[in-house]
Amino acid sequence: MQGCTERASAPGVLTVICGCMFSGKTTVLFRRLEQYPASAILAFKHVIDRRYSADDIVSHGGKAWPAVAIATVAEIPGRIRADFRIVALDEAHFFDGGLVRTAGDLTQRGIDVILTSLDRDSWGRPFAVAEELRAIADESLMLHAVCARCGAKADRTQRLTPIVDGNMVGGPESYEPRCQACWLPPPERPPD
């Protein structure tokens with residue numbers, strides 16, 4: 001087992017937690033973060049995700065973790081202090097491919113990185129950033145939910161409400177987990 005002095009020279013571990021909505025990604029993230037001292041953690045979320053809080057990562061069950069809301073991945077490196085051992089980021093699919101490089105850079109600096117992401121959009125298309133992160137991850141978890149229609153294993157996210165002005169952020173009022181047999185893509189044209 002590595003001692004504290006050896007930790008800084010060892011590469012960090014990249015963990016990616018993927019799945020459909022309501023599969024427990026954020027809950028698993030919180031369980032992982034609880035293993036570290038709070039002072040060693042820096043958590044991020046995207047500024048567009050204001051569903052439950054502007055400043056916290058919040059699970060659908062209401063549990064919260066303090067986070068820094070950012071608009072771009074470029075904001076992450078400037079916020080890292082030498083005493084951080086772990087960087088967490090919720091909803092990685094909201095970010096561009098620059099997240100892949102940033103996650104790699106952080107692990108090379110000896111920082112563990114834990115990310116959550118939807119694996120597919122409402123049309124069933126894989127999120128490119130999630131695929132790229134999973135490809136370089138040291139650990140990749142694929143979570144499933146229970147289909148809201150039939151109770152089978154759900155691996156899809158069903159959009160329930162019309163998409164207005166391209167806004168895809170939402171909670172249980174807009175989405176539910178579905179199995180492949182019960183899932184239907186939204187009628188609107190997918191965003192580019």
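Each of Met142, Met168 was scored by other Cβ atoms within 10 Å of its Cβ. Listed from fewest to most, they are Met142, Met168. Can you give the FRET efficiency to the nearest 0.05 for Val68 and Ala40, using r as the Cβ-Cβ distance and R₀ = 22 Å? So the FRET efficiency works out to roughly 0.90. Think of each Lys and Arg Cβ as +1 and each Asp and Glu Cβ as -1; about the Cα centre, that makes the dipole of the chain roughly 360 debye.
With the simple model of a label 7 Å out from the Cα in the direction of the Cβ, Ala152 to Arg189 spans 3.2 nm. Take each peptide in 133-141, 31-39, 89-97, count the other Cβ atoms within 10 Å of every residue, and average; sorted highest first, the result is 89-97, 133-141, 31-39.
As a check on your grasp of the helix formula, calculate [θ] at 222 nm for the chain: sum -39500 (n - 2.57) over DSSP H runs of n ≥ 4, divide by the residue count, round to the nearest 500. Helix-only estimate at 222 nm: -4500 deg cm²/dmol. When the chain is treated as a GNM with alpha-carbon contacts under 10 Å, the residue of Gly171, Gly78, Gly61 showing the greatest mean-square fluctuation is Gly78. Computing Rg and Dmax of the Cα atoms in Å directly from the structure and comparing it against (i) 15.9, 48; (ii) 18.6, 62; (iii) 16.8, 56 singles out (iii). Computed from the C-beta positions of Val47 and Ala10, the FRET efficiency with R₀ = 30 Å rounds to 0.40. Stretched out straight at 0.36 nm per residue, the stretch from Arg109 to Ala128 would grow longer than its current Cα-Cα span by 4.4 nm. Take every DSSP beta bridge with both residues inside the chain and express the antiparallel ones as a percent of the total, to the nearest 5. Within the chain, antiparallel bridges account for around 35 percent of the total. The residue list Ala148, Trp65, Ala92 was ranked by how far each Cα lies along the charge dipole of the chain toward its positive end, using unit charges on Cβ atoms, and Ala148 comes out on top.
Bear in mind these aren't lab numbers, they're just calculated from the coordinates by the rules spelled out. The structure displayed is predicted, hence computed values, not measured ones. Don't worry about glycine lacking a Cβ; one is built from the backbone with ideal geometry, like all the others, and counts go over all protein chains shown.
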